[in-house]
Amino acid sequence: MKIADILDAKGRTVHTILPWATVADAVARLERLGVGALVVCDADQRMVGILSERDLIRELARRGTDLLERRVDEVMTRKVATSRLDEPIASAMARMTRDRHRHLPVVEDGRLAGMVSIGDLVKARLRDMELETGVLRDMFIAAH
């Protein structure tokens, strides 16, 4: 299975925020959407960073509650790990685990094509394993 298969099933919506928005706005957006990260895009829709719950917790510990008044671009992660539509799920899972990323924006031809979370990848892998188990069980039953 490839990343494209996950996006075909879950959709390609990418939740974004502008770099000059406040952290308070970002927190409210994360809560309202029920997501764990927002891709930070400039006015031309170019990805300039990602803001995750982990970023917020780290910065809250450093700055205290006045963090909420800061701009998103002051606390976002600038070096964003991304994936491609044709990347195998196993490869993306290994990278996410190794580098401790919970979200990967998917980029195709220089444009955002979707976003996957580690939960999306685990669910897809479990479905794949259940299918393989069912096929093997059916083959075993048919052979005996």
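Miscellaneous remarks
- Only one of the numbered conditions (1) touching a residue at least 12 places away in the same chain (Cβ under 8 Å); (2) under 25 Å from residue 5 (Cα atoms); (3) within 14 Å of the chain's Cα centre (by Cα) is not met by residue 55, and that is (2).
For (1) among the hydroxyl-bearing types (Ser, Thr, Tyr); (2) in contact with an Asp or Glu (Cβ under 6 Å, 6 or more places away or on another chain); (3) farther than 19 Å from residue 25 by Cβ; (4) at pLDDT 95 or above, each residue gets a yes or a no:
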{"site": "75", "(1), (2), (3), (4)": "no, yes, no, yes"}
{"site": "82", "(1), (2), (3), (4)": "yes, no, yes, yes"}
{"site": "91", "(1), (2), (3), (4)": "yes, no, yes, no"}
{"site": "106", "(1), (2), (3), (4)": "no, no, yes, yes"}
{"site": "111", "(1), (2), (3), (4)": "no, no, yes, no"}
{"site": "132", "(1), (2), (3), (4)": "no, no, yes, no"}
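- Residue pairs meeting the criteria (Cβ under 6 Å; at least 6 apart or on separate chains; first in contact (Cβ under 8 Å) with a residue 40 or more places away in the chain and closer than 20 Å to residue 114 by Cα, in region 21-42; second assigned to a helix (DSSP H, G or I) and open to solvent by less than 10 Å² (accessible area, probe 1.4 Å)): 26/72
- Residue check for residue 34: open to solvent by less than 40 Å² (accessible area, probe 1.4 Å), out of contact with any Lys or Arg (no Cβ under 9 Å at 6 or more places or on another chain), on the phi > 0 side of the Ramachandran plot and not charged (D, E, K, R): no
A quick yes/no check of all residues on (1) part of a loop (DSSP other than H, G, I, E, B); (2) open to solvent by 40 Å² or more (accessible area, probe 1.4 Å); (3) more than 22 Å from residue 122 (Cβ to Cβ):
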residue: 12; (1), (2), (3): yes, yes, no
residue: 19; (1), (2), (3): yes, no, yes
residue: 25; (1), (2), (3): no, yes, yes
residue: 29; (1), (2), (3): no, yes, yes
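The values are calculated or read from the model by the stated rules, or taken from the named source; none is laboratory data. Keep in mind that this is a model prediction, so the values were computed, not measured. We place every Cβ from the backbone using ideal geometry, glycine too, and count neighbours over all the protein chains shown. Accessible surface areas use protein heavy atoms only, side chains included; no ligands, DNA or RNA. Shrake-Rupley method; radii C 1.70, N 1.55, O 1.52, S 1.80 Å.
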